[in-house]
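Derivation of every value follows stated rules applied to the coordinates shown; laboratory data play no part. All values reported here derive from a predicted model rather than from experimental measurement. Positions of Cβ are backbone-derived with ideal geometry, glycine not excepted, and every protein chain shown enters the neighbour counts.
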Amino acid sequence: MTTPQPEPGPTTDVRELFLSYLDYYRSAIADAVAGLSEEQLRESRLPTGWSPIELVKHLIHMERRWLVWGVAGAAVKEPWADSVDERWTVRPDESIGDLLAELRAAGASTRRIIGSRALSASSATGGRFPKGTQPPPSVVAVLFHVLQEYARHAGHLDIARELIDAGQLTRSSSTE
């Protein structure tokens with residue numbers, strides 16, 4: 001990865017720490033898929049079966065579900081459009097360039113949403129968090145969840161990329 005990880009201090013601005021780490025992980029995701037062919041983006045090297053482009057789409061929808069639909073309580077068309085039958089999916093007409101643009105837009109949206117709320121505030125009800133079921137999570141709890149999702153999936157994508165790159169080395173050395 002070429003994006004340097006942000007230093008954890010000396011700031012005490014918790015909001016900016018969360019947002020800068022989320023920005024970092026979005027960049028790390030983009031770096032991890034950079035230079036992959038269309039075939040490599042859509043092919044899985046893992047027993048779970050997901051491909052790099054499917055993981056990118058999942059992260060877009062995950063962030064939208066938790067921040068736009070959850071914290072802000074805004075309507076989200078097809079919040080679960082990243083999966084069909086509990087499997088991540090990407091349509092053939094969806095490109096990595098378009099998805100990375102959506103990933104960047106998700107980050108800008110998150111910054112707007114988080115910038116206008118106290119971290120201790122509750123998420124909205126009526127969207128992801130139905131009214132009357134249980135208290136909705138705080139904004140900081142949602143940020144923590146989204147950050148750990150990004151960190152975990154960035155690690156998964158690192159491994160997938162290593163497997164892809166190792167496969168290329170194996171193929172090129174066997175043809176020499």
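Some notes on this structure:
- Which listed residue is basic (Lys, Arg) and either assigned to a helix (DSSP H, G or I) or closer than 22 Å to Ala141 by Cα (or both), from Arg64, Arg45: Arg64
- Residues in segment 99-140 that are crowded, with 16+ Cβ neighbours inside 10 Å and part of a loop (DSSP other than H, G, I, E, B): Arg117, Ser123, Ala124, Thr125, Gly127, Arg128, Phe129, Pro136, Pro137.
- Taken over segment 107-137, the residue count meeting the criterion of being under 13 Å from Gly73 (Cα atoms), of a type in the set (Ser, Thr, Tyr) and touching a strand residue (DSSP E or B) at 6+ places or on another chain (Cβ under 9 Å) is 2.
To keep it simple, each residue is scored yes or no on (1) surrounded by fewer than 19 Cβ atoms within 10 Å (Cβ to Cβ); (2) in contact with a Lys or Arg (Cβ under 8 Å, 6 or more places away or on another chain); (3) not hydroxyl-bearing (Ser, Thr, Tyr).
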{"residue": "Thr11", "(1), (2), (3)": "yes, no, no"}
{"residue": "Arg45", "(1), (2), (3)": "yes, no, yes"}
{"residue": "Ile53", "(1), (2), (3)": "no, yes, yes"}
{"residue": "His61", "(1), (2), (3)": "no, no, yes"}
{"residue": "Lys77", "(1), (2), (3)": "yes, no, yes"}
{"residue": "Arg91", "(1), (2), (3)": "yes, no, yes"}
{"residue": "Ser95", "(1), (2), (3)": "yes, no, no"}
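- Any chance Leu157 is within 15 Å of Leu41 (Cβ to Cβ) and buried (at least 16 other Cβ atoms within 10 Å of the Cβ): yes
- Taken together, the residues in segment 72-106 that are within 18 Å of Val33 (Cα to Cα) and basic (Lys, Arg) amount to 2.
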